[in-house]
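What follows is a set of notes on a single structure, which appears directly below.
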Amino acid sequence: MAIDWQPLLSLLTIALVFVPAERLLPARRAPGFAWRRYLTDALHATVGGFLIRVGCLALLLVFVPAQTEVAAHWPLWLQVVLVLLVCDLMFWLAHRLFHAVPWLWEFHRIHHSSEHLDWLAAFRVHPVDQIVNSTLIALPALLLGFSPEAIAIYAAVYRWHSILLHSNLSVSLGPLERLIVMPRFHHWHHAGEAEAHDRNFGGQLTVWDHLFGTLYRASEPRPAIYGIDAPPREDFAAHLLAPFATRKPTWQT
């Protein structure tokens, strides 16, 4: 059986972009090399990524019979804009749900366990968290029958943008950051500071946080600390099993 090298090649491509970029334009001084953290996140990106792809495909196939062709014949540019708006709203709703429901938070807290954000931290997600989130996000676009081209464009933009948001990069869009989520905005979502908890849920647009009252704009460019209370140990297997352990649910510190 042939080995699918595409995920590893994709990860290498991303690394070739973000590793030198974080060296040239760091938002804050990077901590010393921590092989266990890098190994854990690399396993999330590869093994975890495989589990997520399989799970998402299995769930989405359930809804294929209900697919329509309502949007398939609209102009591509309009489809891309609408897919972005619909999927980003679904991202906000799913993201908010995983913070609000204690047993869902047990899965999502794995993503928040990173005590230092960089490009690789974007891949630290529990498969259950990401499978459910990705399915909820994609479901309206699938049911409305947006073209594969429009969905592919959105998926590519979402993937690279998500990695950018977690990266240790000092980049800015100036006034456009009132609309478009950038690293500073999302880093505060991962902040350890209490006043930033349950804020800045938007994935690509800030509009939903404006509308639903969850926007947080800090005076400082980055949080002083990141992470959660009682994080699981830096181990991929421990991350997979942690949500199923019997313990009292906890929130971010």
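Taking the stated definitions as given, is Leu60 part of a helix (DSSP H, G or I), in contact with a strand residue (DSSP E or B) (Cβ under 8 Å, 6 or more places away or on another chain), under 23 Å from Val132 (Cα atoms) and not basic (Lys, Arg)? It would help to see each step written out before you state the result.
Numbers: part of a helix (DSSP H, G or I): yes; in contact with a strand residue (DSSP E or B) (Cβ under 8 Å, 6 or more places away or on another chain): no; under 23 Å from Val132 (Cα atoms): yes; not basic (Lys, Arg): yes.
It is false that Leu60 is part of a helix (DSSP H, G or I), in contact with a strand residue (DSSP E or B) (Cβ under 8 Å, 6 or more places away or on another chain), under 23 Å from Val132 (Cα atoms) and not basic (Lys, Arg).
For region 104-118, check the following and say yes or no: at least one residue is surrounded by fewer than 17 Cβ atoms within 10 Å (Cβ to Cβ) and touching a residue at least 12 places away in the same chain (Cβ under 8 Å).
Looking for residues that are surrounded by fewer than 17 Cβ atoms within 10 Å (Cβ to Cβ) and touching a residue at least 12 places away in the same chain (Cβ under 8 Å), one finds at least one in region 104-118, hence yes.
Could you tell me how many of the residues in region 162-183 are of a type in the set (Ser, Thr, Tyr) and more than 14 Å from Pro26 (Cα to Cα)?
Taking region 162-183 as the starting set, the residues that turn out to be of a type in the set (Ser, Thr, Tyr) are 162, 167, 170, 172.
So of that shortlist, the ones also more than 14 Å from Pro26 (Cα to Cα) come out as 162.
Matching residues across region 162-183 total 1.
Regarding region 63-76, can at least one residue be identified that is at pLDDT 90 or above and either among the charged types (D, E, K, R) or within 23 Å of Phe201 (Cα to Cα) (or both)? Reasoning before the result, please.
Within region 63-76, the subset at pLDDT 90 or above is 74-76.
In the following step, the residues that additionally are either among the charged types (D, E, K, R) or within 23 Å of Phe201 (Cα to Cα) (or both) were identified as none.
The answer is no, given that none of the residues of region 63-76 is at pLDDT 90 or above and either among the charged types (D, E, K, R) or within 23 Å of Phe201 (Cα to Cα) (or both).
For Gly55, which of the numbered conditions (1) within 29 Å of Leu241 (Cβ to Cβ); (2) touching a Phe, Trp or Tyr at 6+ places or on another chain (Cβ under 9 Å); (3) surrounded by 14 or more Cβ atoms within 10 Å (Cβ to Cβ); (4) not β-branched (Val, Ile, Thr) fails to hold?
With respect to (1) within 29 Å of Leu241 (Cβ to Cβ); (2) touching a Phe, Trp or Tyr at 6+ places or on another chain (Cβ under 9 Å); (3) surrounded by 14 or more Cβ atoms within 10 Å (Cβ to Cβ); (4) not β-branched (Val, Ile, Thr), Gly55 is out only on (2).
Is there a residue in region 225-232 that is outside any loop (DSSP other than H, G, I, E, B) and under 19 Å from Asp118 (Cβ atoms)?
Yes, that holds for at least one residue.
What number goes with the only condition from (1) touching a residue at least 40 places away in the same chain (Cβ under 8 Å); (2) under 25 Å from Phe18 (Cβ atoms); (3) of a type in the set (Phe, Trp, Tyr) that Trp188 does not pass?
(1)
If you check Phe98 against the conditions, is it touching a residue at least 12 places away in the same chain (Cβ under 8 Å), aromatic (Phe, Trp, Tyr) and in a helix (DSSP H, G or I)? Steps first, please.
Details: touching a residue at least 12 places away in the same chain (Cβ under 8 Å): yes; aromatic (Phe, Trp, Tyr): yes; in a helix (DSSP H, G or I): yes.
So Phe98 fits the description; yes.
Quick check: is even one residue across region 107-117 over 20 Å from Ala245 (Cα atoms) and touching a helix residue (DSSP H, G or I) at 6+ places or on another chain (Cβ under 6 Å)?
Yes, some residue in region 107-117 is over 20 Å from Ala245 (Cα atoms) and touching a helix residue (DSSP H, G or I) at 6+ places or on another chain (Cβ under 6 Å).
I need the full set of residues from region 233-253 which are at pLDDT below 90 and either hydrophobic (A, V, I, L, M, F, W, C) or assigned to a helix (DSSP H, G or I) (or both), in order please. Even if it seems obvious, please write down each step before you answer.
Taking region 233-253 as the starting set, the residues that turn out to be at pLDDT below 90 are 245-253.
Of everything in region 233-253, those that are at pLDDT below 90 and either hydrophobic (A, V, I, L, M, F, W, C) or assigned to a helix (DSSP H, G or I) (or both) turn out to be Ala245, Trp251.
Residue check: is Ile137 closer than 15 Å to Asp88 by Cα, surrounded by 22 or more Cβ atoms within 10 Å (Cβ to Cβ), modelled with pLDDT under 95 and not acidic (Asp, Glu)?
Yes.
Could you pull out the residue among Asp88, Asp118 that is in contact with a strand residue (DSSP E or B) (Cβ under 7 Å, 6 or more places away or on another chain) and closer than 28 Å to Val207 by Cα?
Asp88
Do we find a residue being surrounded by 15 or more Cβ atoms within 10 Å (Cβ to Cβ) and more than 23 Å from Leu120 (Cβ to Cβ) anywhere in region 218-230?
yes
The values are calculated or read from the model by the stated rules, or taken from the named source; none is laboratory data. Quick caveat: nothing in here was measured; it's all calculated off a predicted structure. Don't worry about glycine lacking a Cβ; one is built from the backbone with ideal geometry, like all the others, and counts go over all protein chains shown.
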